[in-house]
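In what follows, a structure is listed as structure tokens, so that the remarks can point back to it.
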Amino acid sequence: MPDTHAPVEVGLHGVTKRFSDQVAVDGVDLNVHEGEFFSVLGPSGCGKTTLLRMIAGFADPDEGRIELDGVDMVGVPPYRRDVNTVFQSYALFPHMSVWDNVAYGVKRKGVRGAELKKAVGEHLELVRLAQFAKRRPTQLSGGQQQRVAIARALAAGPRLLLLDEPLGALDAVLRKELQIELMRIQREVGTTFLYVTHDQEEALVLSHRIAVMNAGKLEQVGYPEDVYERPATRFVAGFIGTSNILAATVSGADGSWVELDSPGVTRLRAALQRDVRRGQRVEATVRPEKVHLYDENEQAPSGWCELTGVVRDVVYTGVSTQYVVDLPGGGELVAFAQNTRRVDDAGSPGQPVRMAWDPEYTVLLEKSTDD
Ligand code: ATP
């Protein structure tokens, strides 16, 4: 296993960056733990690259502090930060062999001779490209070129590796393969990885934790299960996976449950996750795979959220079948039924259907309409 440097902790405090009148990064506070595989996930233009460039030292924030292990980095040039970046475009030197590409950053640190050979050899092994050491980058596939870029970035011994959409140029099959490779590589070297992507599935698969970014701000920071199962905002609920959003009014609370009124929904309740008051307008979400379909005459388990609607669309997607159901009060609810589950003919368009889910899976969004 290659020698590595102690991984670093990253602290962002009120980091803001403007381009003329546009705020690209807006007061971002974030702590990335040492040795963590951390992803910043958000749509194109939300400020992810600008955030990475500031951490790398290619740009300075207009406001706020960027700390590595508690030391303020603002004004410290990139080469003195112990930080390296892997880009979507690989950025390899085309005239150099794979070996020379990987050796480049190590040599710049003044390492020569046996130590240089060891560092390059170990990093080529790490990315499983030892047999391609003599080739030029153009003689490699896109996936192999990206592995060289990763080896090159890690061989110089950074304490933090920034990865800006590194798999963005690869096809879906290769992406999946390299995702697994990246997880293994990060586990082996233990370096802190800060990964930027707009691909929600990629972030869920790879990361120890995720920050979801929208319009320069962080909407939620949490473990993959947190951001998926308990989205904090409407944006997070909609950006990660598919979500049903139900507008509702709080009608009461009993102990650990909040009872809600929502047009067309027979019964809607959620676990008490935050302070609410009777009459407050809120938004609740439920993931489609949590919603079960029943024949109109069947009973759903008691205490479950429940409604009756009319099937509008049935879409077979292989793993599951997607049902879009019109609610009596207007609006729709989507349910995914695993194709291992028998749903009989619950799903013909035009048929009434009962939908129900365990209230544990109803999530109250943090920003409600009159907060
Ligand atoms: P993508 O995934 O498309 O790369 P991103 O989330 O990385 O997007 P940024 O590249 O950080 O987003 O850009 C954030 C916003 O700042 C965008 O609206 C972009 O147009 C703007 N921006 C970025 N760099 C500059 C610049 N050098 N000058 C002016 N505006 C910029």
If you scan segment 130-166, which residues turn out to be touching a helix residue (DSSP H, G or I) at 6+ places or on another chain (Cβ under 6 Å), free of Cβ contacts under 8 Å to residues at least 60 places away in the same chain and either within 16 Å of the ligand (Cβ to nearest atom) or under 22 Å from K107 (Cα atoms) (or both)?
A130, F132, A133, R135, P137, Q145, V148, A151
Enumeration of residues in segment 100-118 that are crowded, with 20+ Cβ neighbours inside 10 Å and at pLDDT 95 or above
N101, V102, A103
I'd like to know if segment 62-69 contains one or more residues that are within 12 Å of the ligand (Cβ to nearest atom) and closer than 18 Å to F193 by Cα.
no
Among S39, S20, S89, S97, which is the only one that is hydroxyl-bearing (S, T, Y), closer than 21 Å to R147 by Cβ and more than 24 Å from the chain's Cα centre (by Cα)?
S97
Consider only pairs whose beta carbons are under 7 Å apart and that are at least six residues apart or on different chains; among these, list those whose first residue lies in segment 268-279 and is in contact (Cβ under 8 Å) with a residue 24 or more places away in the chain and whose second residue is part of a loop (DSSP other than H, G, I, E, B) and exposed (fewer than 10 other Cβ atoms within 10 Å of the Cβ).
A271/S256
Restricting attention to segment 8-36, the residues that are surrounded by 21 or more Cβ atoms within 10 Å (Cβ to Cβ) and more than 13 Å from the ligand (Cβ to nearest atom) number exactly 4
Strands (runs of 3 or more DSSP E) wholly inside segment 250-338 that include at least 1 residues being among the charged types (D, E, K, R):
257-261, 268-271, 281-286, 305-316, 320-326, 332-338
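The values are calculated or read from the model by the stated rules, or taken from the named source; none is laboratory data. The structure presented is a predicted model; accordingly, all values stated were derived computationally and were not measured. Every residue, glycine among them, receives a Cβ derived from its backbone with ideal geometry; neighbour counts consider all protein chains shown.
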